[in-house]
Amino acid sequence: MEELFEKVFNELGYDIKPKIIKSNKDADFQCDECFKLAKEAHKAPFMIADEVVAKLKEESSFDEYFKEVSVAKPGFINIKVSDKYICDNLRKLIDDDMLGATKENETIVVDYGGPNVAKPLHVGHLRPAIIGQAIYNILKFKGNRMIGDVHLGDIGTQMGQVIYGILTDFPDTKPEDVVITLDYLNETYPKISALCKEDEEVRVKCAKITKDLQDGDPIYRILWKKIWDLSVGDIKRIYDYLDVHFDLWYGESHAYAQFDEMFPFIEKQNIIREDDGAKVIDVKQDDDKFELPPCMIQKSDGAYLYATSDLGTIWQRVKDFNPDDIIYVVDGRQSLYFVQVFRAANKSNIYHGKLEHHGFGTVNGADNKPFKTRSGGSLKLEDLIKQVKEEFINLREENKSMAEEDLDKIVNAIIKFADLQNDLTRNYIFDIKKFSEVAGKTGPYILYTYLRINKLLSQNSLKLSDTIYNEADRALRVKLLEVGNVIDQAALERRPHYIANYLYELSVVANNFYQANRLNDLDEQTKSDYETVLSLNNKILKILLELLGIHIPKAM
Ligand code: ARG
């Protein structure tokens, strides 16, 4: 359809690759391109639309494609497609593993973890994990070679603090003989971190340990490794629950290992400026509309910074994968920082491929402020998951007897769908009750739709005639045809919410179909057509849910 429109536009002298988009009005689809052309053509949009529609009607294939094409002022082209067009394209969709989406072939790194070792995961780690994993899955579906990296904060102050704690608690034990537990870790970090705020002497000691650790002190390294293994094991456990996986468990410590190679290279580019003994790269540009401080890569005392480790990480990724693109799914409040790092990577000729920061908004409590526990601390991610599970179990009597495995799938669906239906840049209020309902725009609603339809399907029917039976049937079929564009758009913009919103819209029309069309007492052809449409519907629901990291329970 887009090709046909393109031909007509071009023949009329308009140089454009027109997009056909879904329509929320009475039409199936619409084309809004005439608005873009109006200015240059010195014509009102509807005049161009009139020309296009008139010319389209002269096409020999018009009837094959369309039932009706009309102009709506001030310049929309409304499209109702023919039944044959719908059925032909549904048949194509049934056989298409790509669901109508186009293929891509890039090497893309996604950086979507960022937890700090020695501290448990908290609410702030929820969004990068589920948004990042969804972006990873979507781009992988499109055919790209994907590399996911957790990028742990594993060599910062907190590590020095915990090592200080161990040295004080086990003064007479050889470092290799020290045995620590997760409980010990969870107590020690907050304890020493609080102590550092009160006691300057301890703070200085911890800072010194951190610096020596970064420089490779062998004793500290032994303790560091113990902390790392213990803490990362626990972090993995929570990520596993959320079905979030990383190809690389690298951290800032891996970036530090690049510095011996990277620094001489940067020095050669003549872009480092000494500023009070510190090393900085100026990244300001004349047309900036914001204040941008220089990117500091080494402090006057020789210490490295957050930005140095991100540059080291880019260095390593270029060496290992030569990626076309590196995508960062990190809190939106770090956006200025990423402008600094990206420009520094460019200026220093470390990397000239694409760098994208997709900064997400905050998860808020009922007061619309970033989520906190009652005592004002940040809520542990594990506790948040537990809360959701409890709320869901208590929602209805029958939930209490649900299989554990199914419960966990539903908890995942509740949390992920709640998050992923928002444009990732927006903040949202975490309302467990609302998110757990089986009605409304929720994960459970989509799952329920799938399961209810699944019960009707006797066999995977794959035959489809050219008949469309009623409005509810037509609405579902037209909706199914949108799927390829939805995936493409979500991939292009790195915005999983297009898929989440489509899942909801598809579920609504599928439920309408269910209400309007009973599957018993039908003649064979109608029944087979209905089953084909419904099994395609469910195939699409399942694939798209999985792209969002949501899996279907056996029953609910
Ligand atoms: N560890 C960092 C933090 O706690 C987040 C890391 C994000 N990723 C990155 N490549 N900078 O803020």
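The values are calculated or read from the model by the stated rules, or taken from the named source; none is laboratory data. Computed from a predicted model, the values in this text were never measured in an experiment. Positions of Cβ are backbone-derived with ideal geometry, glycine not excepted, and every protein chain shown enters the neighbour counts. Accessible surface areas use protein heavy atoms only, side chains included; no ligands, DNA or RNA. Shrake-Rupley method; radii C 1.70, N 1.55, O 1.52, S 1.80 Å.
If contacts are Cα pairs under 8 angstrom and at least 6 residues apart, what is the relative contact order of the chain in percent?
15 percent
Please name which of 501, 537, 514 has its Cα lying farthest along the dipole of region 484-556 towards the positive end, using unit charges on Cβ (Lys, Arg +1; Asp, Glu -1) and the Cα centre as origin.
Ranked along the dipole, the leading option is 501.
Using unit Cβ charges (K, R positive; D, E negative) and no other charged atoms, how large, in debye to the nearest 20, is the dipole of region 1-103 about its Cα centre?
That gives a dipole near 380 debye.
Considering the dipole of the chain built from charges on the beta carbon (Lys and Arg +1, Asp and Glu -1) around the Cα centre, which of 262, 393, 309 is farthest to its positive end?
It is 393.
Need the full-extension length gain, residue 378 to residue 300, defined as separation in residues times 0.36 nm minus the C-alpha distance. One decimal, nm. It would help to have the intermediate numbers written out before the result.
Values: separation 78, 0.36 × 78 = 28.08 nm, distance 3.32 nm.
Roughly 24.8 nm would be gained on extension.
Could you tell me the distance between the Cα centroids of region 409-451 and region 224-243, to the nearest Å?
Here the answer is 26 Å between Cα centres.
If you find the alpha carbon centre of region 325-395 and of region 86-144, how far apart are they in angstrom?
Spelled out, the Cα-based centre of one part sits 17 Å from the other.
Taking θ as phi - 60°, what are the ³J(HN,Hα) couplings along region 132-137 by the Karplus curve (6.51, -1.76, 1.60), each to the nearest whole Hz, with x for Gly and Pro?
Coupling constants for region 132-137: x, 5, 5, 4, 4, 4 Hz.
Let me cross-check residue 47: its accessible surface, 1.4 Å probe, with only protein heavy atoms counted, in Å² to the nearest 10?
90 Å²
Any idea which of 278, 233, 253 is furthest toward the positive side of the dipole for region 206-291, if Lys and Arg beta-carbons carry +1 and Asp and Glu beta-carbons -1?
233
With a probe of 1.4 Å, find how much accessible area the chain has per residue, and write the answer as a whole number in Å².
In whole numbers, the chain has 47 Å² accessible per residue.
Give me the percent of accessible area attributable to carbon and sulfur for the chain, probe 1.4 angstrom.
Taking all protein chains in place, the chain shows 49 percent carbon and sulfur surface.
What does a probe at residue 67 reach in region 467-495, counting residues whose amide N is under 14 Å from the point 7 Å along Cα→Cβ?
467-479
With the contact rule set at Cα under 8 Å and sequence spacing of 6 or more, what percent relative contact order holds for region 474-527?
About 33 percent, as a whole number.
By the scheme Lys and Arg +1, Asp and Glu -1, what is the net charge of all other residues having a beta-carbon under 14 Å from that of residue 367?
Neighbourhood net charge equals +2.
If the cut-off is a Cα-Cα distance under 19 Å, which lysines reach residue 225, setting aside same-chain residues fewer than 8 apart in sequence?
Excluding near neighbours in sequence, the set is 119, 174, 208, 211, 236.
Once you've got the Cα coordinates, tell me which of 226/372; 73/416; 57/542; 7/527 are over 32 Å apart.
Long pairs (Cα-Cα over 32 Å): 73/416; 57/542; 7/527.
How far, in degrees from 0 to 90, does helix 443-456 lean away from the longest principal axis of the Cα atoms of the chain, to the nearest 10?
50 degrees
Provide the FRET efficiency to the nearest 0.05 for the residue 273-residue 24 pair, computing r from the beta carbons and using R0 = 56 Å. Could the numbers behind the result be given before it?
Values: r = 54 Å, r/R0 = 0.97.
With a Förster radius of 56 Å, E is 0.55.
Taking the Cα centre of region 43-125 as the origin, how large is its charge dipole in debye, to the nearest 20, when only Lys and Arg (+1) and Asp and Glu (-1) carry charge on their Cβ atoms?
The calculation lands at about 380 debye.
Angle check, please: helix 471-481 long axis (alpha carbons) against the longest principal axis of the chain (alpha carbons), in degrees 0 to 90, nearest 10.
Roughly 50 degrees between the two axes.
Calculate the dipole size of the chain relative to its Cα centre from +1 charges on Lys and Arg beta carbons and -1 charges on Asp and Glu beta carbons; express the result in debye to the nearest 20.
800 debye
Among the DSSP beta bridges whose two residues both lie in region 31-149, what percent are antiparallel, rounded to the nearest 5?
Just about 60 percent of them are antiparallel.
Keeping every protein chain in place, order 91, 145, 495, 317 by accessible area at 1.4 Å, biggest value first, i.e. largest first.
Sorted by accessible area, descending: 145, 91, 495, 317.
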